[in-house]
Amino acid sequence: MKDSFYDQVFEIARLVPKGRVTSYGAIAKALGAGGSARMVGYAMSNAGIAHPKVPAHRVVNSSGLLTGKFHFSPPELMQQLLEQEGIVVENDKIKNFKTVFWNPLEEL
DNA sequence: GCAGTGACCTGCA
DNA sequence: TTGCAGGCCACTG
């Protein structure tokens, strides 16, 4: 399962610097998937069993909303990790999302 | 091999 | 401006 689409998504997610976040659509475009952002989210479902572990908490939707926070255990862990990295989270969504947003296309 | 599912995004009313 | 619906691709049963 190393050359799978999952590994590609994990690779981008792991490239996200500390204190920064990215969106599913951005990763999808970085992989050339385009509008297949759903696949990115689906791949993240395996982030919990991925090794090394993937900072899925740095990946949010295009609105900066922590949509996948309920997939964490506990769900509040996602916000905790984001705040721990200096990211401001308000109402399960990133406050200065555009400020902490990290574009993989610019790094790649 | 077929069908369903999924942590989304974009467009239109 | 807000809300709803459709579409996209890959993996599992």
Can you name every residue in region A:9-28 that is open to solvent by 30 Å² or more (accessible area, probe 1.4 Å) and out of contact with any Gly (no Cβ under 9 Å at 6 or more places or on another chain)? A:Glu11, A:Arg14, A:Leu15, A:Pro17, A:Arg20
Counting only helices (runs of 4 or more DSSP H) wholly inside chain A, the ones holding at least 2 residues that are touching a helix residue (DSSP H, G or I) at 6+ places or on another chain (Cβ under 6 Å) are A:5-15, A:24-30, A:37-44, A:76-84, A:104-107
Do we find that A:Lys69 is away from DNA strand B (no atom under 13 Å from the Cβ), among the charged types (D, E, K, R) and farther than 15 Å from A:Asp7 by Cα in this structure? no
Can you tell me which of A:Glu107, A:Glu76 is open to solvent by 20 Å² or more (accessible area, probe 1.4 Å), more than 18 Å from A:Pro17 (Cβ to Cβ), more than 16 Å from DNA strand C (Cβ to nearest atom) and not hydroxyl-bearing (Ser, Thr, Tyr)? A:Glu76
Can you tell me how many residues in region A:11-49 are charged (D, E, K, R) and near DNA strand B (Cβ under 6 Å from one of its atoms)? 1
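The values are calculated or read from the model by the stated rules, or taken from the named source; none is laboratory data. If you're wondering where the values come from, they're calculated on a predicted model, not measured in any experiment. Heads up, the Cβs are rebuilt from the backbone with ideal geometry, glycines too, and the neighbour counts pull from every protein chain shown. Surface areas here come from the heavy atoms of the whole protein model, side chains and all, with no ligands, DNA or RNA. Shrake-Rupley method; radii C 1.70, N 1.55, O 1.52, S 1.80 Å.
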